């Protein structure tokens, strides 16, 4: 077993984790200060969202320099200190790689704009207009509108699957591939343990730029929302060659490094393909599970189908929150603490690697944000129908003090604070029955239990709306995901319940939205 298979990983949005210089923006030194918390919690690795220089049109996902640190977040020396301090605690650091596109402010694209003969012109996807002057095809941006922007001086369109200031690189170009290989090696030399790869499934585009087909009623609602099936603008078969190439670069490093992909596909068979035959991604984020309701039958179906599709060479990854999809305590649980606890129990006991998003461990929920407070271009464009991603990116709630322990009391944070008076790390750490201590106990139980770290998983028949499964030789997880009490024919010693109730050995009687972990001799 690799460290990332047995361990628990934690995602940090750096601008929102901790501000150490009083400018209202989290920084690398704030992550360093937070390492004591992460070590106490028991996490094994940390994925840090983009730290590179950027105009922040898309808050770091518009990179203007791949081999440097955004001055607002710190310095390269700060980053090196973070790597060293984390290593002393047994924590690995993963960075975000954004290979699909660069900022329009990146020197490569600035050069590309200088003319059709520019050195970096064919590092990006360019195409002539149709005879009527319209874009080359019907592709739509994930952020709304056409995916093409016209460059009047050269008379061509360039592709941007996101903002028009995020120009798509042309991954048919070998020089682009070599340049990103070099970026990987640069950060491996700095000590990063691997990368989370942004839109890993979508970097290469159809060479003939064919039109995408319309959606149908059979498509997932998330695809219907876009308005077309991204058959040619994303998810091309040639991407697997690129993933195998990255995997080789990661394995050639000493020690070998790992790759986890943002694989935004809603078909589990397609998701499984991004593992290859054990030669592509190490982990691929499971968005079908992300969009499954917190219902025993639904979760059981998604989890079982995931196992059915993955090969023996593939290892699942589970998460309920992230910087794009908002927070599971709101999306799955509507802020109900019983549901938050049972969701955490599920995430931390399924066979696979769990990722926690900063604040999951205390049950942080999405924050209501006004139009004037928005920073996310998605929210700004679609408010109020869609407030965007900012509600799940608000500052970490460290304490009940003014500033929430995130920033100085008299400083306005870059995004508004949530309910830090009621939900924060300091108060929950001193409360043995809190969500925080419950999460820590689950992580440490997982660390002690070979069954939970690496054991096989099989479902056990249970009442409608519940989810019961065996892990390894002797561990059974019982999740009553209904609003009624339920009885379970599961005997053995109850190690922990999601409510903190002490239960005797014997057939289990669980309250609504209560879970238990049982060991059997």
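Readers should treat all values here as calculations from the given coordinates under stated rules, not as data from a laboratory. Here the structure is a predicted model, which means the values were calculated and not measured. Every residue, glycine as well, gets a Cβ built from its backbone with ideal geometry; the counts of neighbours run over all protein chains shown.
Brief remarks on what is shown
- Average projected area [Cα convex hull, the stretch 107-168], square nanometres: 4.0 nm²
- Ellipticity estimate at 222 nm from DSSP helix runs (n ≥ 4, -39,500 (n - 2.57)) divided over the chain, nearest 500: -7500 deg cm²/dmol
- Fewest neighbouring Cβ atoms within 10 Å first, the residues 190, 119 line up as 119, 190.
- Centroid-to-centroid separation of the stretch 45-79 and the stretch 271-298 [C-alpha atoms, Å]: 27 Å
- Cβ crowding within 10 Å averaged over residues, with 28-39, 380-391 ranked highest first: 28-39, 380-391
- Centroid-to-centroid separation of the stretch 334-361 and the stretch 123-148 [C-alpha atoms, Å]: 41 Å
- Rounded tilt (10° steps) of 296-309 against the dominant C-alpha axis of the chain: 60 degrees
- Kirkwood Rh and Cα Rg combined as Rg/Rh, the stretch 162-321: 0.98
- Two-decimal log10 I(q)/I(0) for the stretch 455-519, as the Debye equation yields it once each C-alpha is a single scatterer, q = 0.17, 0.22, 0.29 Å⁻¹: -0.50, -0.85, -1.41
- Take each peptide in 59-65, 489-495, 392-398, count the other Cβ atoms within 10 Å of every residue, and average; sorted highest first, the result is 392-398, 59-65, 489-495.
- If both residues of a DSSP beta bridge must be in the chain, then about 60% of such bridges are antiparallel.
- Whole-Å distance, taken between Cα centres, linking the stretch 84-110 and the stretch 157-217: 14 Å
- Highest mean first, the peptides 407-417, 94-104 sorted by other C-beta atoms within 10 Å per residue fall in the order 94-104, 407-417.
- Order of 345, 76 under a 10 Å beta carbon neighbour criterion, fewest first: 76, 345
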